[in-house]
Amino acid sequence: MSGKSDRPRLELRRFGSELLRDQRLNKGTAFSIRERQALGLHGLLPPVVSTPEMQENRILQNFTRQPTDLDRYIQLMDVQDRNEKLFYRVLCNNLDQMMPIVYTPTVGLACEKYGLIFRRPRGLFITIQDKGHIADMLASWPERNVKAIVVTDGERILGLGDLGSFGMGIPVGKLALYTAIAGVPPSQCLPIVLDVGTNNQSLLKDDFYIGLKKPRDRSDNYDEFIDEFMQAVVSTYGQDCLIQFEDFGNHNAFRFLEKYRNKYCTFNDDIQGTASVAVAGIMASLRITQTELKDNKFVFQGAGEASLGIASLLVMAMVEQGVSLEEARSKMWLVDSRGLVCKDRASGGINHEKAAFAHQHEHIKNLADVINKIKPTAIIVIQLVKQNVQLNRHTN
């Protein structure tokens with residue numbers, strides 16, 4: 001063994017006040033007296049030398065004093081901007097308290113207010129007007145050893161719809177969790193927004209909107225733009241760089257997954273990530289119910305990427321256990337905003353992905369009626385149910 005560490009090394013090229021402005025290197029008042037003298041920091045910091053524990057406690061004291069979760073989010077982002085090491089110390093040591101702020105649900109509100117709370121650019125903003133120059137833009141990112149990219153076009157941010165470039169909060173938050181939970185060095189993470197416009201009229205009229213003020217490009221130009229982006233990532237960072245698609249519109253999410261999954265190191269968290277966790281939980285529950293997966297029938301409230309991903313993975317699991325594809329699909333029932341997804345539904349709204357789970361059945365509009373008629377053994381709710389529904393327990 002060579003004894004060399006595989007951890008990335010950050011060469012020190014900053015000095016004096018420039019060092020204090022580099023969030024990757026800045027330690028604030030935790031710089032020792034010797035470090036301050038050697039690095040030209042003496043006098044630029046107050047004389048006290050703080051321990052990391054003291055710095056963390058100061059952050060937590062301020063955190064609890066903030067009046068709203070959005071204010072807590074802004075505070076944490078400010079810490080990340082000036083002292084990255086301290087940010088991840090606070091996040092890792094207080095994960096249960098910090099996760100709902102750094103990511104869902106607070107990140108949704110932060111995305112809606114992104115233009116108003118905007119302090120400092122994070123990640124890369126690549127617009128469709130940059131088509132033909134994406135590789136040059138990736139080359140402008142200061143880190144060369146990028147291993148994980150989370151990318152969105154902002155069309156379907158959480159349950160909030162089209163937020164365009166305001167969606168940058170999602171890749172930033174997701175990659176913060178990559179570091180805090182999975183230990184991926186932040187220098188190897190790159191959040192990206194692919195800005196192709198927005199159809200959100202309120203954003204187009206918003207003076208603080210930071211993205212392209214034009215309708216979404218849905219032409220072939222959009223597909224060519226995504227193709228160029230995928231190729232540019234590989235040419236810049238290599239074939240093994242992970243490209244995670246996040247919060248694309250349903251139609252694009254499914255087709256991009258099929259288009260790129262066998263050519264690039266890529267996955268869609270909304271379709272595959274959520275499904276893997278949900279199905280793992282269902283498989284574990286079988287030990288308690290003492291049943292086999294094929295003996296269960298599922299009703300999904302919601303028929304978006306997450307529901308379709310879970311349903312598809314459950315079907316794959318059943319097929320692996322010897323159930324036919326047709327029988328496995330017959331055990332999955334979807335309910336969307338128009339009611340039960342079924343063949344020849346008069347209200348329409350059944351795309352290619354939903355069609356695989358559209359069964360021959362009378363249309364039922366109400367979720368409670370669907371449950372009473374189908375009698376599922378499990379109900380999986382992926383979207384907010386705005387009506388009070390009493391869910392009775394049913395068994396086959």
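Scanning region 292-305 for residues that are open to solvent by 20 Å² or more (accessible area, probe 1.4 Å) and of a type outside the set (Lys, Arg) yields Glu292, Asp295, Asn296, Gly304. Screening Lys375 against (1) in contact (Cβ under 8 Å) with a residue 60 or more places away in the chain; (2) within 30 Å of Leu160 (Cα to Cα) leaves a single unmet condition, (2). Take Ser312 and tell me if it is in contact (Cβ under 8 Å) with a residue 24 or more places away in the chain, more than 18 Å from Val370 (Cα to Cα) and either of a type in the set (S, T, N, Q) or outside any helix (DSSP H, G or I) (or both). Judged against the criteria, Ser312 is a match.
Assess whether Asp217 counts as being more than 25 Å from Leu367 (Cβ to Cβ) and either part of a helix (DSSP H, G or I) or of a type in the set (D, E, K, R) (or both). Yes.
For region 151-209, name all the residues that are of a type in the set (Gly, Ala, Ser), under 15 Å from the mean Cα position of the chain (by Cα) and open to solvent by 30 Å² or more (accessible area, probe 1.4 Å).
Step one: list which residues in region 151-209 are of a type in the set (Gly, Ala, Ser), which gives 154, 159, 161, 164-165, 167, 169, 173, 176, 180, 182-183, 187, 197, 202.
Then keep just the ones that are under 15 Å from the mean Cα position of the chain (by Cα); that gives 154, 159, 161, 164-165, 167, 169, 173, 176, 180, 182.
Result: Gly159, Ala182.
Picking from Arg34, Arg14, Arg72, which residue would you name as being within 27 Å of Leu177 (Cβ to Cβ) and either part of a helix (DSSP H, G or I) or of a type in the set (D, E, K, R) (or both)? Step through it out loud before you land on a result.
Numbers: Arg34 fails: within 27 Å of Leu177 (Cβ to Cβ); Arg14 fails: within 27 Å of Leu177 (Cβ to Cβ).
Every option except Arg72 fails the conditions.
Could you look through region 30-47, keep only residues that are of a type in the set (D, E, K, R) and within 24 Å of Phe87 (Cβ to Cβ), and pick out the one that is most open to solvent (accessible area, probe 1.4 Å)?
Filtering region 30-47 for residues of a type in the set (D, E, K, R) gives 34-36.
Going one step further and asking which of them are within 24 Å of Phe87 (Cβ to Cβ), we end up with 35-36.
On the way: Glu35: 60, Arg36: 6 Å².
For region 30-47, the residue satisfying everything is Glu35.
Conditions tested, residue by residue: (1) over 26 Å from Asp369 (Cα atoms); (2) in contact with a strand residue (DSSP E or B) (Cβ under 8 Å, 6 or more places away or on another chain).
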residue: Ile282; (1), (2): no, yes
residue: Thr289; (1), (2): no, no
residue: Leu293; (1), (2): no, no
residue: Asn296; (1), (2): no, yes
residue: Ala303; (1), (2): no, yes
residue: Met316; (1), (2): yes, no
residue: Val319; (1), (2): yes, no
residue: Leu325; (1), (2): yes, no
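Take the residues of region 48-61 that are polar (S, T, N, Q) and touching a residue at least 12 places away in the same chain (Cβ under 8 Å): which is most open to solvent (accessible area, probe 1.4 Å)? Only one residue fits best here, namely Thr51. Filtered by the rule that a residue be touching a Gly at 6+ places or on another chain (Cβ under 9 Å), assigned to a loop (DSSP other than H, G, I, E, B) and either closer than 25 Å to Ile271 by Cα or open to solvent by 30 Å² or more (accessible area, probe 1.4 Å) (or both), region 345-373 gives Arg345, Ser347, His363, Lys365, Asn366.
Against the list (1) open to solvent by less than 70 Å² (accessible area, probe 1.4 Å); (2) within 21 Å of Ala182 (Cα to Cα), the condition Asn93 fails is (1).
Might you let me know whether region 336-344 holds any residue that is loosely packed, with under 13 Cβ neighbours inside 10 Å, part of a loop (DSSP other than H, G, I, E, B) and acidic (Asp, Glu)? Yes: region 336-344 contains one or more residues that are loosely packed, with under 13 Cβ neighbours inside 10 Å, part of a loop (DSSP other than H, G, I, E, B) and acidic (Asp, Glu). Only one of the numbered conditions (1) open to solvent by less than 20 Å² (accessible area, probe 1.4 Å); (2) of a type outside the set (Phe, Trp, Tyr); (3) in contact with a Gly (Cβ under 8 Å, 6 or more places away or on another chain) is violated by Thr106, and that is (3).
If you go through region 238-291 one residue at a time, how many are among the aromatic types (Phe, Trp, Tyr), open to solvent by 20 Å² or more (accessible area, probe 1.4 Å) and in a helix (DSSP H, G or I)?
Within region 238-291, the subset among the aromatic types (Phe, Trp, Tyr) is 245, 248, 254, 256, 260, 264, 267.
Subset that is open to solvent by 20 Å² or more (accessible area, probe 1.4 Å): 254, 264, 267.
If we keep only those that are in a helix (DSSP H, G or I) as well, we get 254.
Residues that pass the stated criteria total 1.
Tally time: how many residues in region 1-29 are of a type in the set (Lys, Arg), modelled with pLDDT of 90 or more and open to solvent by less than 100 Å² (accessible area, probe 1.4 Å)? Total satisfying the criteria: 2.
The values are calculated or read from the model by the stated rules, or taken from the named source; none is laboratory data. Not measured: the values here are computed from a predicted model. All Cβ positions, even for glycine, are placed from backbone atoms using ideal geometry, and neighbour counts span all protein chains on display. Remember, those area values only see protein heavy atoms, side chains included, never the ligands or the DNA or RNA. Shrake-Rupley method; radii C 1.70, N 1.55, O 1.52, S 1.80 Å.
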